[in-house]
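The values are calculated or read from the model by the stated rules, or taken from the named source; none is laboratory data. If you're wondering where the values come from, they're calculated on a predicted model, not measured in any experiment. Don't worry about glycine lacking a Cβ; one is built from the backbone with ideal geometry, like all the others, and counts go over all protein chains shown. The protein model used for the area step is the full one, side chains on, heavy atoms only, and it has no ligands, DNA or RNA in it. Shrake-Rupley method; radii C 1.70, N 1.55, O 1.52, S 1.80 Å.
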Amino acid sequence: MPTSDYFERSGLREELAALGVRPGRVLLVQAALRSLGPVRGGAATVVDALLDALNAPYQGTLVAYTATPANSATSREAAAATRGYSPAEVEAFRAGMPAFDPATTPSSVSMGVMSEIIRKHPGAVRSSHPQTSFAAIGRLARWITDDHPLDCHLGERSALGRLYELDAKVLMIGVPMARFTAFHLADLRMPDVTVREYRCRVREGWIAFKAPDLDDLHFADLGEKVLERVTGATEGLVGGAFCRLIPIREAVDLAERILREERGLGPAA
């Protein structure tokens, strides 16, 4: 712990650089802020240190997942919140759901404080998907977040797919592999992916669309197996947090290979 009892921006930047965060790179960050310990200035300082390490917005790009399940009638959260409700109570609950507006709707608290700080950062842009949006700051932010189709939550045509194209790195700050969002890309490459209907509220009213069923309950096991094989990842402390820096392309390709092996499928065509 620094003698001031607080971690400082400059020290965090140096530790991020030692971990492998480089100027000009594209970085998806997933963070549990409390794991860092006391940081002078809190989450905003951590975001500034990340931007410093990337030399963003001039060279690098910082990205966060800013999902919004609170406006969905078909989310696990809504099902849990209305369990045991009468039909009238369910209808009243849905009527009170907020409408998604990419400019103003906060990201889910389950995404962590840093995702919301990135979303609100001056110069940040956000993809328009009403359930699985991403926010980005930096040189490639608009290219990453533009054109996020409804039927592609977290697939190849989403912001996540563009991060794969760019061979971005994923920085996990005190976050387990059970929450490694990019594993959805591997899942959606499987030939047996099921499609279901989603319903959510946007500014214009309620919309319904069909898209692949998203499930992350197997990510913890998948993450352990990927860590056994991945070669391009680094680990270390940033502040008081154990962190991993993982190349998204290698991790997703490994995850796809593992899923195919486990399901008795042949290699991808």
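Side notes on the structure shown:
- Residues of segment 112-126 classified as small (Gly, Ala, Ser) and surrounded by fewer than 23 Cβ atoms within 10 Å (Cβ to Cβ), total: 2
- Looking only at residues of segment 207-256 that are more than 17 Å from the chain's Cα centre (by Cα) and basic (Lys, Arg), we find that the one that is least open to solvent (accessible area, probe 1.4 Å) is 225.
- Which listed residue is closer than 16 Å to residue 7 by Cα and either among the acidic types (Asp, Glu) or at pLDDT 95 or above (or both), from 64, 43, 53: 53
- Listed by position, the helices (runs of 4 or more DSSP H) contained in segment 55-147 that have at least 2 residues being under 13 Å from residue 200 (Cβ atoms) and of a type outside the set (S, T, N, Q) are 76-81.
- So residue 39, is it open to solvent by 10 Å² or more (accessible area, probe 1.4 Å), within 17 Å of residue 117 (Cβ to Cβ) and either touching a residue at least 60 places away in the same chain (Cβ under 8 Å) or out of contact with any Asp or Glu (no Cβ under 6 Å at 6 or more places or on another chain) (or both): yes
- Checklist (1) of a type outside the set (Phe, Trp, Tyr); (2) more than 24 Å from residue 112 (Cβ to Cβ); (3) at pLDDT 95 or above applied to residue 163, failing item: (2)
- Pair list, Cβ < 6 Å and 6+ apart or interchain, from segment 192-213 residues that are under 30 Å from residue 264 (Cβ atoms) and among the small types (Gly, Ala, Ser) to residues that are in a loop (DSSP other than H, G, I, E, B) and open to solvent by 60 Å² or more (accessible area, probe 1.4 Å): 211/151
- Contacts under 9 angstrom Cβ, first residue in segment 1-26 being more than 10 Å from residue 53 (Cβ to Cβ) and modelled with pLDDT under 95, partner surrounded by fewer than 19 Cβ atoms within 10 Å (Cβ to Cβ) and of a type outside the set (D, E, K, R), 6 or more apart: 1/37; 1/38; 1/240; 2/11; 5/38; 6/37; 6/38; 6/41
- Residues that are open to solvent by less than 10 Å² (accessible area, probe 1.4 Å), out of contact with any Leu (no Cβ under 7 Å at 6 or more places or on another chain) and within 20 Å of residue 207 (Cβ to Cβ), drawn from segment 153-176: 158, 159
- Within segment 194-206, the set of residues being open to solvent by 50 Å² or more (accessible area, probe 1.4 Å) and either under 25 Å from residue 164 (Cβ atoms) or touching a helix residue (DSSP H, G or I) at 6+ places or on another chain (Cβ under 7 Å) (or both) comprises 194, 195, 196, 201.
- Residue in segment 58-92 that is farthest from the chain's Cα centre (by Cα), counting only those that are open to solvent by 70 Å² or more (accessible area, probe 1.4 Å) and of a type in the set (Phe, Trp, Tyr): 85
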